[in-house]
Amino acid sequence: MTIPPLSEDAEQLLPPESLRVRVGASRDSEVFRKMGKSIAGTVSRLAGNLDGKRVLDFGCGCARVLRYLAPAYPKAEWHGVDVDSEAIAWCQGHIPDRINWESCSEFPPLSYQNTTFDLIYQISVFTHLSESMQIFWLKDLSRVLKADGLLIISVYNEMIHEILPKALRKQLDSAGILYGNDGGTQGLPASYQSCFHTQKYIQNTWSQWFIIEDVIERAFFHSLDAILLRKHPEPSGLSH
């Protein structure tokens, strides 16, 4: 569906510049709005009708996406979680209606019960975490996702890989994953750096916990692909 416009008051309500920069690296308020609405539209297209679903924005920041996506599906149950407690506090104080906000630790587990969510999506989260942290989180996201749920993860694509220095590109092609210090982001944990993946690595590693249903190239602008994942079915005769 097309994401409907916000009310004038909601459109004008913006988080502080420092919080906007953390999720989008731009101080431009109009860029913040356009990116949020565009991402919301892409998530909606990939996931389908979300009314009646329980949805988690993992790494929601200051509601760049949820401020558009939640009003589009008033019958869904919305949750936003982030390690940025300052951003969560802003959301709780300014966007309290219909969205359940929660801060979390750098490391799992999340506070949610097993098989809670129909959809979990994350935008520019695994593009900033080390391999070990990603594996920790993949296991926990699998835990809180329903058996027939969908997980959407964004990763840097070939367009970004091509601008890496030759030595780093060689490391990426060899190992399948490259995590390095880019100076970090003020207000976020020191572990929040830059990470790149090859599709072969994703297939070989993430498939331990998920079935890779599809890869949508350049789903989020030109630089981020979307990886669509489903949980492996439980063996016959086993239950939670």
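The values are calculated or read from the model by the stated rules, or taken from the named source; none is laboratory data. Every value quoted in this text rests on a predicted model; they were computed, and no experiment measured them. Only protein heavy atoms, including side chains, enter the accessible area calculation; ligands, DNA and RNA are left aside. Shrake-Rupley method; radii C 1.70, N 1.55, O 1.52, S 1.80 Å.
Below, the figures for the structure above:
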read-out: All lysines inside 24 Å of Lys166 as judged from Cα atoms, apart from same-chain residues fewer than 8 positions distant; value: Lys200
read-out: Gaussian network model of the chain, Cα within-10 Å springs - most flexible of Met133, Met159, Met35; value: Met159
read-out: Calculated over the range 132-240: convex hull of Cα atoms, volume per residue (Å³); value: 124 Å³
read-out: Above-threshold pairs, the threshold being 20 Å between Cα atoms, out of Lys34/Lys146; Lys146/Lys231; Lys37/Lys231; Lys53/Lys146; Lys53/Lys231; value: Lys34/Lys146; Lys37/Lys231
read-out: Heavy-atom accessible surface of the range 1-120: percent carbon and sulfur, 1.4 Å; value: 47 percent
read-out: Compactness relative to 2.2 N^0.38 Å, alpha carbon Rg of the chain; value: 0.98
read-out: Relative contact order %, the range 84-155, counting alpha carbon pairs below 8 Å whose residues are six or more apart; value: 37 percent
read-out: Projected area, mean over directions - the range 1-84, Cα convex hull, nm²; value: 5.2 nm²
read-out: Candidates Tyr121, Tyr156, Tyr73: whichever shows maximal mean-square fluctuation once the chain is modelled as a Gaussian network with Cα springs under 10 Å; value: Tyr73
read-out: Distance from the range 163-180 to the range 1-47 (C-alpha centre basis), Å; value: 31 Å
read-out: Residues of type aspartates and glutamates that Lys75 reaches as a straight line, Cα spacing below 14 Å, ignoring anything fewer than 8 places off in the same chain; value: Asp51, Asp97, Asp118
read-out: Gaussian network model of the chain, Cα within-10 Å springs - most flexible of Glu131, Glu106, Glu162; value: Glu162
read-out: Per residue value of the accessible surface for the range 91-131 (all protein chains in place, 1.4 Å probe), Å²; value: 45 Å²
read-out: Cα gyration tensor of the range 119-166 - equivalent ellipsoid semi-axes, whole Å, descending; value: 25, 13, 7
read-out: Percentage, to the nearest whole number, of Cα pairs in the range 65-168 over 20 Å apart; value: 48 percent
read-out: Relative contact order computed over the chain (Cα-Cα under 8 Å; 6+ residues apart), in percent; value: 16 percent
